[in-house]
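Asks: Sharing a structure here in structure tokens format.
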């Protein structure tokens, strides 16, 4: 017996977004472009946040401002500066250092994913295959506002032996 999909709000939001992305981007080419744009926006935002945190942190620690921390050295330089002061960092400073290290790791992983995804753009398929993408997209993620689907949903929710999914 197949397991029921999770009905928690987060999973439901994910399912709706998943289906919307399939409906709105039903071809291989559109999926390629969508994923590339999502990856680039993630890298841009995560990189900018890391730069901003490093800038703010270096403003708080004058010794770091003169060294001009780079993306790869700020957390270790900040830790070294704290150790040189002879005192342990506050819990907030440690949390910030950990967040910056995590963002550096995220950016490194995103860069690796980007390198792998570049290979996806080498793939081109004939129009018949793109049509198959469109057909299957309609099956995988039918339009929730489609009249037939709305009618079916109304019927399912009126059936007393089925749990209400609202």
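The values are calculated or read from the model by the stated rules, or taken from the named source; none is laboratory data. Note that the structure is predicted; figures quoted are calculated from it, not measured. As a convention, Cβ positions derive from the backbone with ideal geometry for all residues, glycine included, and neighbour counts pool all protein chains shown.
Residues checked against (1) within 30 Å of residue 134 (Cβ to Cβ); (2) surrounded by 15 or more Cβ atoms within 10 Å (Cβ to Cβ); (3) at pLDDT below 95:
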{"site": "32", "(1), (2), (3)": "yes, yes, yes"}
{"site": "48", "(1), (2), (3)": "no, no, no"}
{"site": "55", "(1), (2), (3)": "no, no, yes"}
{"site": "60", "(1), (2), (3)": "no, no, yes"}
{"site": "70", "(1), (2), (3)": "no, no, yes"}
{"site": "73", "(1), (2), (3)": "no, yes, yes"}
{"site": "89", "(1), (2), (3)": "no, yes, yes"}
{"site": "104", "(1), (2), (3)": "no, yes, no"}
{"site": "111", "(1), (2), (3)": "no, no, yes"}
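Asks: Out of curiosity, is residue 81 more than 30 Å from residue 143 (Cα to Cα), assigned to a helix (DSSP H, G or I) and either modelled with pLDDT under 85 or in contact with a strand residue (DSSP E or B) (Cβ under 9 Å, 6 or more places away or on another chain) (or both)?
Replies: Here the answer is yes, as residue 81 does meet what is asked.
Asks: Right, next: Taking residue 42 as meeting all but one of (1) over 21 Å from residue 109 (Cβ atoms); (2) at pLDDT 95 or above, write down the number of the exception.
Replies: (1)
Asks: Another question about this same structure. Kindly provide the set of residues from region 102-135 that are free of Cβ contacts under 8 Å to residues at least 40 places away in the same chain and farther than 23 Å from residue 40 by Cβ, ordered by number.
Replies: Hits for region 102-135 are 126, 127, 128, 131, 132, 135.
Asks: Given the criteria surrounded by fewer than 15 Cβ atoms within 10 Å (Cβ to Cβ), modelled with pLDDT of 90 or more, in contact with a helix residue (DSSP H, G or I) (Cβ under 8 Å, 6 or more places away or on another chain) and not in a helix (DSSP H, G or I), does residue 129 qualify?
Replies: Against the criterion (surrounded by fewer than 15 Cβ atoms within 10 Å (Cβ to Cβ), modelled with pLDDT of 90 or more, in contact with a helix residue (DSSP H, G or I) (Cβ under 8 Å, 6 or more places away or on another chain) and not in a helix (DSSP H, G or I)), residue 129 does not qualify.
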